[in-house]
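Undergrad: Sharing a structure with you now.
Each reported figure results from applying straightforward, stated rules to the coordinates on display, with no laboratory input. Given the structure is predicted, the values throughout are model-derived calculations rather than measurements. Because the Cβ atoms are built from the backbone with ideal geometry, glycine has one as well, and the counts that use them run over all protein chains shown.
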Ligand code: PMV
């Protein structure tokens with residue numbers, strides 16, 4: 001597509017959320033991680049975002065969530081646009097209409113920032129190519145990951161299908177704090193990972209992730225956490241090659257519990273856990289030890305629990321979830337998800 005300077009152009013991308021097994025918790029300037037994190041992209045928890053760019057000397061943007069004008073996200077979007085405009089000069093001379101919708105309910109407690117900020121970064125980078133009449137050249141996903149990171153750290157990891165690492169680590173020579181890269185050599189077992197997202201408590205969090213990250217500055221266990229996360233990342237990289245589920249569950253659960261322990265031991269301390277989060281953890285451990293079910297858990301910064309298991313074992317796992325776990329969920333709500341193939345371009349149009 002060739003464009004002229006007065007055209008309004010609309011582009012649309014879908015991008016997934018992701019689940020970190022080794023967690024990013026704590027940051028340095030500008031939105032760089034204190035430690036490496038490793039995640040996989042989800043398949044069903046997706047944000048679809050379109051951006052229409054209309055030439056305007058004033059720049060600026062308007063944001064709609066599910067067709068309703070929303071200002072709650074303006075600060076994050078504004079931060080991203082300001083920093084991105086040095087790489088994407090079209091931002092300064094276009095007004096952007098950004099429309100977003102998620103496949104998962106807002107009240108579900110699934111962080112939408114990873115999927116929404118990565119979808120927005122994809123639209124912006126793609127628009128710059130089109131405006132430069134370079135549409136046929138391929139998007140530089142590392143550059144887009146860097147942009148997404150500026151909107152929300154975890155969004156840097158949503159640009160690829162499968163497994164991703166963000167943050168510098170010696171074992172992976174091209175790893176970087178600036179952007180995420182796709183992890184090669186993952187055992188086929190872990191390319192078939194399933195994730196049942198248990199909605200334990202849908203209310204919004206008392207303490208936001210941004211506040212939580214900030215409390216890692218001067219945290220009494222800060223240095224120990226950085227060492228632990230690096231050790232867990234190195235071990236997970238090996239386990240992902242070998243394909244051993246029990247070793248995988250040990251790392252995932254150690255990371256989830258450590259994340260919540262860091263919140264409890266920060267100053268001020270807080271907990272986002274719900275009594276039923278703890279009941280689920282008990283049930284998972286019992287199922288694994290007593291019933292030999294291949295199931296483990298992860299958690300993000302909230303009360304909801306992510307069950308992890310091999311998709312190819314779901315005939316064993318699903319009856320147990322329905323029997324023991326569903327009653328512990330808020331209004332019995334569970335969202336079944338699994339590893340996905342990454343973002344997808346939907347549409348591009350001249351208006
Ligand atoms: O990207 P943020 O600022 O919402 O932080 C995400 C932090 C965790 O979800 C708790 C961990 C992670 O690595 O995704």
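Undergrad: By how many nm would the segment from residue 171 to residue 210 lengthen if fully extended, with 0.36 nm per residue of separation less the alpha-carbon distance?
TA: Separation in residues times 0.36 nm, less the Cα-Cα distance, equals 11.2 nm.
Undergrad: Relative to the longest principal Cα axis of the chain, at what angle does helix 141-151 sit, 0 to 90 degrees, rounded to 10?
TA: That helix lies at roughly 80 degrees to the long axis.
Undergrad: Expected output is a single nm value to one decimal: the length gained when fully extending between residue 68 and residue 86, i.e. 0.36 nm times separation in residues minus the C-alpha distance. What is it?
TA: Values: separation 18, 0.36 × 18 = 6.48 nm, distance 2.95 nm.
Additional length available on full extension: 3.5 nm.
Undergrad: Please report, in Å, the Rg and the Dmax of the chain, where both are computed over Cα atoms only.
TA: 20.3, 67
Undergrad: Still on this structure, I have one more. 222 nm [θ] for the chain, helices only, -39500 (n - 2.57) per DSSP H run of 4+, per residue, to 500?
TA: Helix-only estimate at 222 nm: -10000 deg cm²/dmol.
Undergrad: Expressed as a whole number of Å, what is the distance separating the alpha-carbon centroids of the stretch 302-351 and the stretch 94-134?
TA: Spelled out, the Cα-based centre of one part sits 22 Å from the other.
Undergrad: Which whole-number percent gives the relative contact order of the stretch 62-116, counting Cα pairs below 8 Å spaced six or more residues apart?
TA: On the way: 32 pairs, mean separation 24.8, N = 55.
Computed over the stretch 62-116, the figure is 45 percent.
Undergrad: Is the shape of the stretch 205-329 best called rounded, prolate or oblate, per the rule: a/c under 1.5 gives rounded, else a/b larger than b/c gives prolate, else oblate, with a ≥ b ≥ c the square roots of the Cα gyration tensor eigenvalues?
TA: Oblate is the answer for the stretch 205-329, as a/c is 1.5 or above yet b/c matches or exceeds a/b.
Undergrad: How far apart, in nm, are the 7 Å Cα→Cβ label points at residue 271 and residue 341?
TA: Label-label distance for residue 271 and residue 341, simple model: 4.3 nm.
Undergrad: Shifting gears a bit: Going by alpha carbons, how many degrees (0 to 90, nearest 10) lie between the helix axis of 222-242 and the longest principal axis of the chain?
TA: With both axes taken from Cα atoms, the answer is about 90 degrees.
Undergrad: To continue, here is another question. Once the piece of chain linking residue 231 and residue 185 is laid out straight, how much longer is it, given 0.36 nm per residue of separation minus the C-alpha distance between them?
TA: 14.6 nm
Undergrad: Per-residue counts of other Cβ atoms within 10 Å, averaged by peptide: what ranking do you get for 268-275, 30-37, 299-306, 178-185, highest first? Show your work: numbers first, answer last.
TA: Working: 268-275: 14.2, 30-37: 21.2, 299-306: 24.1, 178-185: 18.4.
Descending packing order for the listed peptides: 299-306, 30-37, 178-185, 268-275.
Undergrad: Taking the DSSP beta bridges in the chain as the whole, what percent of them are antiparallel, to the nearest 5?
TA: 90 percent
Undergrad: Does the stretch 142-213 classify as rounded, prolate or oblate by the C-alpha gyration tensor (a ≥ b ≥ c root eigenvalues; a/c under 1.5 gives rounded; else a/b over b/c gives prolate, otherwise oblate)?
TA: Working: a/c = 2.33, a/b = 1.25, b/c = 1.87.
It comes out oblate by the Cα gyration axes.
Undergrad: Which of the peptides 327-336, 7-16 is most tightly packed, and how do the rest follow, judged by the mean count of other Cβ atoms within 10 Å per residue?
TA: By packing density, highest mean first, the sequence is 7-16, 327-336.
Undergrad: Round to the nearest 10 and give me the degree value, 0 to 90, for the angle of helix 113-131's Cα axis relative to the longest principal axis of the chain.
TA: Helix 113-131 sits at roughly 30 degrees to that axis.
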